[in-house]
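Asks: My questions will all concern the structure given below.
Please treat every number below as a calculation from the coordinates, not as lab data. Remember, predicted model here, so these are calculated numbers, not experimental data. Heads up, the Cβs are rebuilt from the backbone with ideal geometry, glycines too, and the neighbour counts pull from every protein chain shown.
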Amino acid sequence: MIILNRCSPIRQILRRCHTEAAACSKVRSPLTAFFGKWPESEQQEFVQHMRIIPDFITESEEQQLHEEVEPYMNRLRYEFDHWDDAIHGFRETERKKWYPHNRDVLERVRQVAFEGAIMPYIHVLDLAADGVIKPHVDSTRYCGTTISGISLLSDSVMRLVRTDAQKYQQPVTGTVTDAKSADSDAVYGHRRFPEALLENGFYADLLLPRRSLYIMCHTARYNFTHEILSKEHSTFLGTAIPKARRISIICRNDP
């Protein structure tokens, strides 16, 4: 468990965020750091299409979400051989039915992040402390314009790197035959790995505080790889961000 004291760098960053009207703000967030030579128009689009709302849920709501998913997650083992090599050190499931108080939280996500309905199955991704999500572009075939996620248990750093994403939207060769994989993010993701080299382009690091909500849509979703930095590389603007076990509650809309 990560406890932030009042003088911690993360707490200082978060304090600046509380004045931001996060759901509709066009102001650059102090939780986003830009690197490289961004075209001004593209940076403005990115600010609108990649948002972070700190303290989206309370400590009590975090505990309630965690208590609902933990009994099932504890029956699973962490995996290190994801079918397309996108994730290491993870376990995952999907849930359609939620306790009433957690349904209320998910409805709040829908209202803030989506312009309509969300897919009925909510993806729960449990990333171990030493787990990593590698750079990838999610397919447009299995989910729509928007992906949003609530971060439980740990802070983390997400990196988005500009790339030519269109050529990575073709289906991978082979067939997903495992029933568990067929119901998982493997099908939704259908991930490919672009050559998104930092030295040849521009990118952004985003601090995802515990209990925050990120909203990735439109150009941020289509034109950038995204990844969760490993424990060894988890820094934001030169500050180490301790990465522990992280559970994300992920909502999507239909293609």
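Asks: Let a ≥ b ≥ c be the square roots of the eigenvalues of the Cα gyration tensor of segment 47-88; is it rounded (a/c under 1.5), or, if not, prolate (a/b larger than b/c) or oblate?
Replies: Because a/c hits 1.5 or more and a/b fails to exceed b/c, segment 47-88 counts as oblate.
Asks: Go through segment 54-114 and name the trypsin sites (Lys or Arg not before Pro) that are in a DSSP coil and have 13 or fewer other Cβ atoms within 10 Å of their Cβ.
Replies: Arg75, Arg77, Lys96, Lys97
Asks: Same structure, new question: Taking amide H atoms as placed 1.01 Å from N in the peptide plane, list the residues 5 or more away in sequence, or in a different chain, whose amide H sits under 5 Å from that of Ile122.
Replies: Close amide H contacts, sequence-distant or interchain: Arg95, Lys96.
Asks: Quick one: plug the Kirkwood hydrodynamic radius of segment 82-131 (C-alpha pairs) into Stokes-Einstein at 25 °C, 0.890 mPa s, and report D in µm²/s.
Replies: Stokes-Einstein gives a translational diffusion coefficient of 192 µm²/s.
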